[in-house]
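In what follows, a structure is listed as structure tokens, so that the remarks can point back to it.
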Amino acid sequence: MISREQFRLLTALEKNGPIKADKITAPSVAELLAGRLLVKQDDLFEISPIGIEKLEPYQVKQAIIMAAGFGSRMLPATKDTPKPLVEVNGKRIIETLLDALVAAEIKDITIIVGYQRQQFKSLLANYPFLKFVTNDDYVNCNNISSMMKVLDRLDRGTYICEADLYVTNPAIISKYQYDSNILGYYCQETTDWCFKLQAGYVTDYRQGNTDRYNEYGISYWTKEDCAQLRQDLPAVYAQPEGSQQFW
């Protein structure tokens, strides 16, 4: 297993190409050179085939997108059209996320559909690799019901995304991930779902607060944490009012 520092350097080299030696100060460079994960050509460092091989276990291969809901907050735009398929600036909302995933070489993508589910088939014209899972419980349950439909697919490192995010910066989706994480943006005050960071971990997850990180619906889960989700989600769902929880 490579260290987080080594991971950051190798992924930067894999994405951006060779870097001048004087731009790298990481103390683990000597270890990477000794292990032949890096090669030095003149005054440039670049990742080696062995380095690429070492990154392979960290490459994200799968994404699950939750798109079953009605989208009542966007009425009347969603009266006859699912929210993710609403067009903004000439592009459907979900396509901005799909393009970001494809740019990161992620094509094993499952979309959980419900409301106006048949309309999502139109995506196959540009994304023929998509898979669909139907959640008929979306009318009476919260989005935890969608995750209950794909428990069997949580068998490896996985992006779990909400479908109604208009992605303007595809780089928020990474080809490689080192550990589980969730997308957030610091804000002084918010009425939306937010969390606090403590020693690098998410705590105090709630709706509305100050001095917190606004939570956005893109998260990555390692294989080990996906296994934990397969246990935790059914346990919560089985509780009284469990079906009304956010996943």
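Brief remarks on what is shown
- Residue within the stretch 77-99 that is of a type in the set (Ser, Thr, Tyr) and closer than 23 Å to Ala227 by Cα present: no
- Odd one out for Glu53, checked against (1) part of a helix (DSSP H, G or I); (2) within 30 Å of Cys141 (Cβ to Cβ): (2)
Residue by residue, here is whether (1) in contact (Cβ under 8 Å) with a residue 24 or more places away in the chain; (2) of a type outside the set (Gly, Ala, Ser); (3) closer than 23 Å to Arg4 by Cβ holds:
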| residue | (1), (2), (3) |
| --- | --- |
| Asp136 | no, yes, no |
| Met147 | yes, yes, no |
| Ile160 | yes, yes, yes |
| Leu165 | yes, yes, no |
| Ile173 | yes, yes, yes |
| Asn181 | yes, yes, yes |
| Gly184 | yes, no, yes |
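- When Tyr201, Tyr166 are checked against the criterion of being aromatic (Phe, Trp, Tyr) and either surrounded by 14 or more Cβ atoms within 10 Å (Cβ to Cβ) or touching a helix residue (DSSP H, G or I) at 6+ places or on another chain (Cβ under 9 Å) (or both), a single residue qualifies: Tyr166.
- Selection within the stretch 213-247 - in contact with a Cys (Cβ under 6 Å, 6 or more places away or on another chain) and either over 23 Å from Ala171 (Cα atoms) or aliphatic (A, V, I, L, M) (or both): Ile218, Ser243
- Elements of type strands (runs of 3 or more DSSP E) contained in the stretch 130-247, each with 3 or more residues being more than 30 Å from Ile52 (Cα to Cα) and of a type outside the set (S, T, N, Q): 181-198, 201-221
- Test: residue in the stretch 43-60 that is surrounded by fewer than 15 Cβ atoms within 10 Å (Cβ to Cβ), at pLDDT 90 or above and within 20 Å of the chain's Cα centre (by Cα): yes
The values are calculated or read from the model by the stated rules, or taken from the named source; none is laboratory data. Computed from a prediction, not measured in an experiment: that's the story for all the values here. Here the Cβ is made from the backbone with ideal geometry for all residues, glycine too, and neighbour counts use every protein chain on show.
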